[in-house]
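Where a number appears in this text, it was derived from the coordinates with a stated rule and is not lab data. Not measured: the values here are computed from a predicted model. Reconstructed Cβ throughout: ideal geometry from the backbone, glycine too, with neighbour counts over all protein chains shown.
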Amino acid sequence: MPTYIPKAGSFDRRWFVVDASGQVLGKVAVTVADLLSGKRKPIYTPFLDTGDHVVVINAEQIVLTGSKDGAKPYHRHTG
């Protein structure tokens, strides 16, 4: 049996609205990445864009846990 490869117009792309107010940054990022990649769809193909459209609202009200907001050290090394 040959492998099924979806054509460009043969599947539907849905729109999702993600409300980020009061949500933790990492959990919202994982949710949005899953929706954009389409990995949870049965027609997922690694080399095709089978993901959905995502709109994130209230991103300014997202919650940062720990000390990610200003205490992250950055190092620069020039060879």
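For the chain, the longest principal axis of the C-alpha atoms and the axis of helix 25-37 are separated by about 20°. Eigen-decomposition of the gyration tensor built on the alpha-carbon atoms of the chain gives equivalent ellipsoid semi-axes of 33, 20, 10 angstrom, largest listed first. Build a GNM of the chain with springs between Cα atoms under 10 Å apart, and of Thr50, Thr65, Thr31 the one that fluctuates most is Thr65.
The chymotrypsin sites (Phe, Trp or Tyr not before Pro) found in the chain that occupy coil by DSSP, while having at most 16 further C-beta atoms within 10 Å, are Tyr4, Phe11, Tyr44, Phe47, Tyr74. Fewest-first ordering of Ser21, Ser67 by other beta carbons within 10 Å of each residue's beta carbon gives Ser67, Ser21. In this simple spin-label approximation, Leu48 and Thr78 carry label points 7 Å from Cα along the Cα→Cβ vector, and these lie 4.9 nm apart.
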